[in-house]
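The values are calculated or read from the model by the stated rules, or taken from the named source; none is laboratory data. These numbers were taken from a predicted model, which means no experiment stands behind them. Reconstructed Cβ throughout: ideal geometry from the backbone, glycine too, with neighbour counts over all protein chains shown.
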Amino acid sequence: MGGKEQSRRIRSVKEINEKIKRGDAVVLTAEEMIDLVESSGLEVAAKEVDVVTTGTFGAMCSSGAFLNFGHANPPIKMVRCWLNDVPVYKGLAAVDGYLGAAAMSETRGFEYGGGHVIEDLLSGEEVELRGESYGTDCYPRRHVETTITLDDLNQAVLVNPRNCYQTYDAATNSSDRVLYTYMGTLLPNYGNVTFSGAGQLNPLCKDRYYETIGVGTRIFLGGGVGYIIGEGTQHSPQGGFGTLMVKGDMKQMSNRYLRGASFYNYGTTLYVGVGIPIPIINMRVAETASLRDEDIYVKIRDYGAPLRPDLRPVVRKVSYAELRSGKVTINGRDVPSSPLSSYKMALEIAEVLKKWILEGEFFLTEPVEPLPKYREFKPMKLRRRELTVQDLMRRDVVTASPEDDIKTVAKKLVERGVDHLPVVDKDSRLLGIVTSWDLAKAIAQGSERLEEIMTRRVITAYGDESVDVVVRRMAQHNISGVPVVDRFKRVVGILTTDDVSRRLVGRPTG
């Protein structure tokens, strides 16, 4: 089918709204549209169906709410503010604030954050408000403590800078350690794959060329009515990474579709339910609205590489159908795959939006401005070069083999004045590690060979990793040194806290 034929108008949004008013609009969920196309063909489906409803329900960290608390008497100009000990951004007027979903409680840490506060407010719970000020002539109060509910707020406007990724890279981990990320817990040595997004229900997958979704589009947001107010941050449509900026009145919303959550050892977030109606205005929209999970592909990226997200190595491309099957193949081996978002909730959202339209409670809007179809994705400019492990590591590493005699190795450590000894095979691949403490203990206990005492699960680093990242890793595991390895696990150096201290502080750590 040619481009002109694909773009030829079948019906307008105005005509669809007239049918909604009369009660004779044909509305299908994206799943139902797929089934109809498979049974009757694309042309029949395009002529019959007026609207296709979509849905997604996943962690959308770039979310939050503008809140107005009203004035106390005497009034206060809050320069710092907390809700249930979660910091609220106060670079605004006296009693306005922005509560970010990823802000974390100062007392409960990873357990509770801004997303949980939003859910609590929607649940009708009382939330503790604490504010501080330096005091002014017109705002003399310096401190306030009270409790509020959603009803007490003058405005509570959900404004999410980045939601509804068109597609989102899946994640795995080639390293030998567990990683805690915004893609969940990633097990070592390609132990699992995690992914997000609703695939064949996902809004921007169903209007791939942004012909019906744009600024001013009315949407389902968090159980209420919302609007698209622009492209989302990091909008990069040419790579299939389009995003949306959305807003809506939180007082219309439901805690079923806005839920606080926490990713273990990473941070807090908010699960957001979004549904968008796709008017079938031409054949091209009908075609993309009927795309199946089998037709929608994402990249699996290796989070074991300490690189910018778009530079992480691509392990392979995979369809949502394969991801949702529960396993994917990596290097000839089946690896379990699991979603971070809920397909069941996404389908429920599409069903609810369909019901609203069929009952005449929800009408479509035409965009007042289309979403950009091209945006340059700019990384952060670093004015100073950041120190990497290879800048500080020692390359003349003292190593040993598993069969070595313990007393001989202990003597070598004393002569060389080192505390960490990587144990390697004949090709310099890392097998384990022992420390001077391990050797002293082994000699006292009468052990004879290194393989009897070495630690086999070794915390390592790569040469191109940031020193800050590796120092944090050492602190997490309460160790003072790590072997530096290449991608084949061959030992190429060693980095200790003493090495870092000598370079950055000018003296050893002691």
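Residues that are over 30 Å from residue 303 (Cβ atoms) and in contact with a Ser or Thr (Cβ under 8 Å, 6 or more places away or on another chain): which helices (runs of 4 or more DSSP H) entirely in segment 400-510 hold 1 or more of them? Please lay out each step first, then the result.
Details: elements: 406-416, 436-445, 467-477, 497-504.
Where helices (runs of 4 or more DSSP H) fall fully within segment 400-510 and carry at least 1 residues being over 30 Å from residue 303 (Cβ atoms) and in contact with a Ser or Thr (Cβ under 8 Å, 6 or more places away or on another chain), they are 406-416, 436-445.
Which residue, of 453, 433, is over 19 Å from residue 390 (Cα atoms), of a type in the set (Val, Ile, Thr) and modelled with pLDDT under 85?
Numbers: 433 fails: modelled with pLDDT under 85.
Answer to the check: 453.
Can you find a residue in segment 1-8 that is in contact with a Leu (Cβ under 8 Å, 6 or more places away or on another chain) and either surrounded by 14 or more Cβ atoms within 10 Å (Cβ to Cβ) or within 18 Å of residue 352 (Cα to Cα) (or both)? Quick ask: steps written out before the conclusion?
Kept after step one, since they are in contact with a Leu (Cβ under 8 Å, 6 or more places away or on another chain), are these residues of segment 1-8: none.
Within segment 1-8, not a single residue is in contact with a Leu (Cβ under 8 Å, 6 or more places away or on another chain) and either surrounded by 14 or more Cβ atoms within 10 Å (Cβ to Cβ) or within 18 Å of residue 352 (Cα to Cα) (or both).
Enumerate the pairs (first residue in segment 390-405 and touching a residue at least 60 places away in the same chain (Cβ under 8 Å); second residue anywhere and among the acidic types (Asp, Glu) and in a loop (DSSP other than H, G, I, E, B)) with beta-carbon separation below 9 Å, excluding pairs fewer than 6 apart on the same chain, so at least 6 apart or on different chains.
Hits for this filter: 390/464; 390/465.
Name the residues in segment 377-391 that are touching a strand residue (DSSP E or B) at 6+ places or on another chain (Cβ under 6 Å) and part of a helix (DSSP H, G or I), would you?
Result: 389, single match.
Got a sec? Which of 65, 25, 46, 30 is of a type in the set (A, V, I, L, M, F, W, C) and outside the structural domain of residue 274 (by TED's automatic domain parsing)?
When all the criteria are applied, what remains is 65.
I'd like the full set of residues that are modelled with pLDDT of 90 or more and in contact with a Pro (Cβ under 7 Å, 6 or more places away or on another chain), limited to segment 477-510.
Those that are modelled with pLDDT of 90 or more and in contact with a Pro (Cβ under 7 Å, 6 or more places away or on another chain): 483, 491, 494.
For segment 132-150, enumerate the residues that are free of Cβ contacts under 8 Å to residues at least 60 places away in the same chain and either outside the structural domain of residue 84 (by TED's automatic domain parsing) or of a type outside the set (Ser, Thr, Tyr) (or both).
Within segment 132-150, 132, 135, 137, 145 meet the criteria.
Is there a residue being in contact (Cβ under 8 Å) with a residue 40 or more places away in the chain, surrounded by fewer than 20 Cβ atoms within 10 Å (Cβ to Cβ) and among the charged types (D, E, K, R) anywhere in segment 177-194?
yes
Looking only at segment 453-484, filter to residues that are of a type in the set (Lys, Arg) and more than 25 Å from the chain's Cα centre (by Cα); which one of those is surrounded by the most Cβ atoms within 10 Å (Cβ to Cβ)? Full working, then the answer.
We begin by selecting, within segment 453-484, every residue of a type in the set (Lys, Arg); these are 456-457, 472-473.
Narrowing further to those that are more than 25 Å from the chain's Cα centre (by Cα): 456-457.
Numbers: 456: 11, 457: 9.
Across segment 453-484, the extreme among qualifying residues is 456.
For the structure I just gave you, tell me whether residue 469 is under 25 Å from residue 385 (Cα atoms), in contact with a Phe, Trp or Tyr (Cβ under 8 Å, 6 or more places away or on another chain) and touching a residue at least 60 places away in the same chain (Cβ under 8 Å).
Numbers: under 25 Å from residue 385 (Cα atoms): yes; in contact with a Phe, Trp or Tyr (Cβ under 8 Å, 6 or more places away or on another chain): no; touching a residue at least 60 places away in the same chain (Cβ under 8 Å): yes.
The answer is no for residue 469.
Return the only residue of 334, 405 being farther than 26 Å from residue 234 by Cα and at pLDDT below 90. It would help to see each step written out before you state the result.
On the way: 334 fails: at pLDDT below 90.
405 is the lone residue from the list that is farther than 26 Å from residue 234 by Cα and at pLDDT below 90.
Tally up the residues in segment 67-97 that are surrounded by 18 or more Cβ atoms within 10 Å (Cβ to Cβ) and not charged (D, E, K, R), please. Steps first, please.
As a first pass, look at segment 67-97 and keep what is surrounded by 18 or more Cβ atoms within 10 Å (Cβ to Cβ): 67, 69, 76-78, 81-84, 86-88, 90, 94-97.
Then keep just the ones that are not charged (D, E, K, R); that gives 67, 69, 76, 78, 81-84, 86-88, 94-95, 97.
Qualifying residue count for the region: 14.
Condition (residue is under 30 Å from residue 75 (Cα atoms) and in contact with a helix residue (DSSP H, G or I) (Cβ under 6 Å, 6 or more places away or on another chain)) applied to segment 164-185: is it met by at least one residue? Before the answer, list the steps.
Step one: filter segment 164-185 for residues under 30 Å from residue 75 (Cα atoms), giving none.
No, because not a single residue in segment 164-185 is under 30 Å from residue 75 (Cα atoms) and in contact with a helix residue (DSSP H, G or I) (Cβ under 6 Å, 6 or more places away or on another chain).
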